[in-house]
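Below you'll find the structure, written out as structure tokens, and then a few comments.
The values are calculated or read from the model by the stated rules, or taken from the named source; none is laboratory data. Every value quoted in this text rests on a predicted model; they were computed, and no experiment measured them. Neighbour counts run over all protein chains shown; Cβ positions are idealised from the backbone, glycine included. Side chains are part of the model used for accessible areas, which takes the heavy atoms of the whole protein and leaves out ligands, DNA and RNA. Shrake-Rupley method; radii C 1.70, N 1.55, O 1.52, S 1.80 Å.
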Amino acid sequence: MNDADTIAAVATPPGRGGVGIVRISGPKAVEAARRIVGVVPPARTAIYRRFHDRAGHEIDDGIALYFPSPNSFTGEDVLELQGHGGPVVLDMLMAALGEIGIRPARPGEFSERAFLNDKLDLAQAEAVADLIDSASEAAARAALNSLHGEFSHRVTAMVDALIELRMYVEAAIDFPEEEVDFLADSGIATRLHDIEQKLQQTLASARQGTLLRDGMNLVIAGRPNAGKSSLLNALAGTDAAIVTDVPGTTRDVLRERIEIDGLPIHVIDTAGIRDSDDVVEQEGIRRTWREVERADRLLLVMDAREPMHVEDQQLLARIPPRLPVTLLHNKIDLLERDIPDDVDAERAELWISARTGARLDRLREHLKNAVGYQPTGQGTFSARRRHLDALFRAERHLLDARERLEKSRAGELVAEELRLAQNALAEITGAFSSDDLLGRIFSSFCIGK
Amino acid sequence: MSNEQYDVIVIGGGHAGTEAALAAARMGVSTLLLTQNVETLGQMSCNPAIGGIGKGHLVKEIDAMGGLMAHAADLAGIHFRILNSRKGPAVRATRAQADRQLYKRAVRAAIENQPNLRVFQQAADDLIVEQGQVVGVVTQMGLAFRARAVVLTVGTFLGGRIHIGLNNYQGGRAGDPPSNALAARLRELALKVDRLKTGTPPRIDKRSVDFSRMQEQPGDEPVPVFSFMGDAAEHPPQTLCHITRTNERTHDHIRAGMDRSPMYTGVIEGVGPRYCPSIEDKIVRFADKDSHQIFVEPEGLDSNELYPNGISTSLPYDVQVNVVRSIEGFENAHITRPGYAIEYDFFDPRDLKPSLESQHLPGLFFAGQINGTTGYEEAAAQGMLAGINAARRAGDQESWSPGRELAYLGVLVDDLRTQGTNEPYRMFTSRAEHRLLLREDNADLRLTPIARELGLIDDLRWARFERKREAIEREKQRLSDHWLRPGDLSEARQTQLFGGPLIREQRLAELLRRPEVDYASLTGLPGCGPGVEDAQVAQQVEIDAKYAGYIDRQRDEIDRHRRQQEASIPDDFDYATVRGLSTEVREKLQRTRPATVGQASRVPGVTPAAVSLLLVHLKRQGAGAGSLRHQA
């Protein structure tokens, strides 16, 4: 049974930095302190001690902190050991903990316990998970904002404003014999407008957060000699090696990840996008198209010296109409005429040289602008897709409410839209949470049967 | 000592008691109605009106299940209106001014003519409790009646104390004795008792009033009808209501009398309703408002008394006289009965099961004002439910209770059980999250089939209902089978009807969904008719079309929530085994004993995280989803 379980995990990223932290949560935290530190530290006070294994051998020395239940991050007894890091030392600490029946935590299990013990609301619990696997520094900052509940606060404030608005609308329905018809009152429209604006601001911040966490999906296409790989290398910079997320077999979609000023970009290579008779390649083509469906933008790389090739024209004709396209004229260093102006329209056109790096900064700006990314990190939230989805739904209900108010003056339908908007917002902070929603959340926290 | 045996005994002959007794008897079990006074069966002790927003919905539900209230209102109604008629059908509600005497007569006639039901005039002083179960009643003169189930509906009589100014005395409804022996006995039985307050305005002699100085308020034409079986021809002659207002002088008199107000001097401890404040409350809380409306309602066709709705007060009598006479039209008014406030006991409804049976005293059911509600309609609806379940208990059948998505009655019971109340609980449409589904107009479609299965619906009503239901289905089918082609109408006509030419052929059902199209004009088009004659059928078809998108969405919502809502919590569930529940939440849940996770989530103070814990725990136990409780 889980009640007796004590869990431990290395809380610092592997292989980095001078400090390695092991965190222990559960009833055996006290025993772990006695065994390894030799003493249970006073509550919430750092003590400096040597760490020993079961046989009494010294493993490391460092700081030990003890947070008794319920005043800890998880709500359980928590022991934190801050040592010198390094994989070997940390492994030995974990092994020593294993000897007294403390098992390694599953991913997100600390957050899960914190959530179950009422220490975090859903948005906060998810922010912790984001913090754990945040890929970039800006994302970590955004995750921290959410953890501090800024996102929850904003949503809560909107819910409060909505409740107040609903109060008026409901009063008009339930008290028709009172002398003020709130529905006829312009105050309702004004309040509705205020909430819409707040929602849009939050949405903008949240969208940033989603970008930071999930990044942008970019499809790069172009004929073999157009210079795709040199472009990728140029964009990624010399230091940061290109990470290949999925080691490629011919059947897998090749995906690579680069980062521009903190914006993660998942690059989908379209080597396999052209027609083929090969069965294996056909499967690859099918998968590539599926990726294209989900992409945020297509970058079509062409040789600046040549007109658009018929193959590229065919490709453009096949992509989903909603997918924005940037035509990238590469190799301008070889161009024997004046460089044309960039086109900043629905179909953007840029002129660059991947080899010399000329005008690459424009491409970077273009990509950031294209997804509305502002790399400040301030005031942005780590929003998951679920949050965005809820905010969008709330927005739609508010718009419908406005329409009902202005056109049909149907009070009960205005009320219904507002109720639905509130429910949508409440999904974010966990209130009114449905079983479905919990199912999704707990599946990412690995809750057992 | 008598030892008569009944299946069900109902104590109290008010709106809850009479519906309880009628429902039980209709289901074929032998029923005894014990009342202090046969003359006051069906008495309207507060304002002489039935229905209104939320309340009218309850009346239609009672009617749809074979209950009496709507029929009695049709026989006694002297002024009918549909409120919110300019808003959508979901929030429209019927309201009737009733002639008190006619109403009482209708109720008494129904009681006296109901097979399986006997009436006995005698106060109940004690309950017979054997092995922890209630098995009977002992009356004032020591008679014992035994029963399989007892329904308690003693309303304002319970531990009542009436206040007029700083004077107060024990009493039930003005003029009647309180049921103190029973109140004392119930307190002994360790049921949790609390106190509430309500009030009434002074009554006024019609002959001393100048109506020419007031605004007339006629009833609706054509005159609405309450019961699905009813007919406007049943109504007595219709009359007028009037509206007048308080003024600055009225408010001065009230402020001057405040030092002798039992509410503002701390004599009254009970909490009054926020939505039905006394006039002194209104003056204090809305000090910037220089005038308040008063609806002047007739008490009956043959009565000279008026009920000035809006000036409920417990100020001293001399202040009441000054207040009344400062009001336009009331300059020479004679007060026939002073207004008063009454404090009374109620039992914490969180101690009830969804069937309205006590969790602590099996065999004892509670309905009406003793559960903390106010209003005839709320009382009657509970009475009917308690009567049904008392009869089912007598027949060893499982209890029945509607869910929140099925009826306002379900919302009412669920709210009371999970949230309790600290003011007299009154129904509003905003309490119902599925408001668009729970309409007055479809109460029969929602509830009559269930009531038929419960044995509450006679063959006559059932046949009429089935005809209506089939006609609705037939007409819906016809509208979705028939198409209107752009060529069927001139373009000018199309633009006139649809705001523009039709682009393609469309089903009539689709066209009816448009806000600008109504049923009558659609079925009047060439090739689109004829429509149905029955107005109720036409109305259902039209409303279903207009609300279609919303109704689908609410149904989806209900389905989505159903699993969580209905995940049942075993009766003997030990909340101490749920890891991480705070002591406060644990105690609340132990006390409330919600039957489902849905109910648990509505208990005040139970956080979403606590609900998640509960769900996770139930899942781990393998309970919950596997053992769904059937809620209607």
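Per-structure values
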{"quantity": "Apportionment of accessible area to carbon and sulfur, the stretch B:434-477, percent (1.4 Å)", "calculated": "47"}
{"quantity": "Candidate lysines for bridging to B:Lys289, where Cα separation is under 26 Å - those fewer than 8 sequence places away on the same chain excluded", "calculated": "B:Lys197"}
{"quantity": "Members of A:Lys407/B:Lys468; B:Lys55/B:Lys546; A:Lys331/A:Lys368 lying beyond 31 Å, as alpha-carbon distances in this model show", "calculated": "A:Lys407/B:Lys468"}
{"quantity": "Estimated inter-spin distance, B:Glu516 and B:Arg591, nm [label 7 Å along Cα→Cβ]", "calculated": "5.8"}
{"quantity": "Computed magnitude of the charge dipole of the stretch B:286-330 (debye, nearest 20; Cβ of K, R +1, Cβ of D, E -1)", "calculated": "140"}
{"quantity": "Lysines whose Cα lies under 20 Å from that of B:Lys588, excluding same-chain neighbours fewer than 8 positions away", "calculated": "A:Lys119, B:Lys192, B:Lys353"}
{"quantity": "Inter-site label distance for A:Ala43 and A:Ala204 at 7 Å from Cα along Cβ, in nm", "calculated": "4.5"}
{"quantity": "Residue mean of other protein chain beta carbons inside 10 Å, A:410-420", "calculated": "6"}
{"quantity": "Surface share of carbon and sulfur [accessible, 1.4 angstrom probe, percent] for the stretch B:249-385", "calculated": "48"}
{"quantity": "Chains A and B, summed buried accessible surface - 1.4 Å probe, Å², nearest 100", "calculated": "3700"}
{"quantity": "Protein accessible area in the stretch B:478-523, 1.4 Å probe - carbon and sulfur %", "calculated": "50"}
{"quantity": "Charged-residue dipole, Cβ positions (Lys, Arg, Asp, Glu), chain B about Cα centre, Debye nearest 20", "calculated": "1200"}
{"quantity": "Per residue accessible area of the stretch B:1-132, 1.4 Å probe, in Å²", "calculated": "31"}
{"quantity": "Helix-only CD estimate at 222 nm, as mean residue ellipticity for chain B, using -39500 (n - 2.57) per DSSP H run (n ≥ 4)", "calculated": "-10500 deg cm²/dmol"}
{"quantity": "Mean Cβ neighbour count within 10 Å, used as a protection proxy, ranking B:588-599, B:104-115 highest first", "calculated": "B:588-599, B:104-115"}
{"quantity": "Environment charge at B:Arg148 (Cβ cut-off 11 Å; Lys +1, Arg +1, Asp -1, Glu -1)", "calculated": "+1"}
{"quantity": "Computed over chain B, Kirkwood Rh from alpha-carbon pairs, angstrom", "calculated": "26.3"}
{"quantity": "Charge tally in the Cβ shell below 13 Å around B:Leu352, where Lys, Arg are +1 and Asp, Glu are -1, B:Leu352 excluded", "calculated": "+1"}
{"quantity": "Hits among aspartates and glutamates - C-alpha to C-alpha of A:Lys28 under 15 Å, sequence gap 8 or more where chains match", "calculated": "A:Asp3, A:Asp5, A:Glu76, A:Asp77, A:Glu80, A:Glu99"}
{"quantity": "Per residue value of the accessible surface for the stretch B:395-529 (all protein chains in place, 1.4 Å probe), Å²", "calculated": "45"}
{"quantity": "Förster radius 41 Å - calculated FRET efficiency between B:Asp220 and B:Glu453 (Cβ-Cβ, nearest 0.05)", "calculated": "0.75"}
